[in-house]
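K.L.:
After the structure tokens below, expect a handful of questions from me.
Please treat every number below as a calculation from the coordinates, not as lab data. As the structure is a computational prediction, the values presented were derived from the model and not from experiment. Methodologically, a virtual Cβ is constructed for each residue, glycine included, from the backbone with ideal geometry; neighbour enumeration extends over all protein chains shown.
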């Protein structure tokens, strides 16, 4: 301290600085007074900063010069910083979203595989109990039932089976979640979704009970076959012993959209396209149609009483709404169906020349669905159950000939290399 200055001057200035620091929101000052000097420590500094006191230079402005901006306590983000953070978050979301979608699709595919496995094993248990595979449709004096209805006790759905009491019509609006692929947008909770109802109305929806139960997994009618008497499907004829091509080479059930319609197939701008009325359904309870016991609203022929002669084999029990692949033909004109079918010649060049490529359709949408074929509801594959109880992901690029051969359990033909 210069000579002649009062001894209390440093103390006075120190108090002034302390008062200043208390008013500052960004600066913390510590004052240590010695006889001739004052030492200051402030901010986040780790060392003492030494000042010589001279009255004409020690000011608050000089003190502020030693206060570094980086040591300020920030109260908010700047606009630039906020935009950078948002951009970083957007990049991370963009990187993570495909991975999340892939994980969800893997989960859906696993669930679908479990559903198919459950149905395939149910067919094995049914065959063990009755020495036949479940017929895709059957009738007796006390029953009008589908194969899916008959399998209910073997997939832990005995209560639904009991409610039907032999007639699947009675449980037509009951959903069975394991009968639907999670990627099938025409099914919601085991029943036809709003998408299907908007397209088909009363054909898939009961005004009182609500939507009919639907399935993405039709049974192969060539394996789960039936025998006819007087035009009625009266007995099951399929057995594992009759699958002479081998159970591991025979399709037991496959995959499709429960409601399939094709006015935009092969594309919305293609000419020709499938007709607006080209449509099939997979209603798991759709049994033979009867005027009073099973009055299905789908326009199919009505079977008379069991004791009378019915229409041609397949006419009532094999219809466009039944949950079957390769069901019995309705009559001698094979283009009368029903579909879907494994035969690539089925309705070939239909509706003015729309080609049927055969095999499996990939990438189907609700209105761009080829009702003549099965669909793969997962990227590049159709989930299928084989006769040996296994589940196989069949490529949608499988040849039409190979697919036709795995659907026929008794043709004796060698399968193509695309099956290996």
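K.L.:
For the range 103-419, what does the convex hull of the Cα positions come to per residue, in cubic angstrom?
P.N.:
123 Å³
K.L.:
Find how many whole Å separate the alpha carbon centroid of the range 102-144 from the alpha carbon centroid of the range 239-266.
P.N.:
Computed from Cα coordinates, the inter-centre distance equals 12 Å.
K.L.:
So how far apart, in nm, are the two label points at residue 108 and residue 165 if each is 7 Å from Cα heading toward Cβ?
P.N.:
Distance between the two pseudo-spin positions: 4.0 nm.
K.L.:
At 0.36 nm per residue, minus the direct Cα-Cα distance, what do residue 88 and residue 121 gain on full extension? Give it in nm, one decimal, please.
P.N.:
Between residue 88 and residue 121, full extension yields an extra 6.9 nm.
K.L.:
Determine the gain in length on full extension of the stretch residue 209-residue 414; use 0.36 nm per residue of separation and subtract their C-alpha separation, reporting nm with one decimal.
P.N.:
This chain segment gains 69.0 nm when fully extended.
K.L.:
If you line up the Cα atoms of the range 263-401 on their principal axes, what length do they span on each, largest first, in Å?
P.N.:
Taking the Cα atoms of the range 263-401, the three principal extents are 47, 41, 25 Å.
K.L.:
Along each of its three principal axes, how wide is the spread of alpha-carbon positions in the range 191-268, in whole angstrom units, largest first?
P.N.:
44, 34, 21
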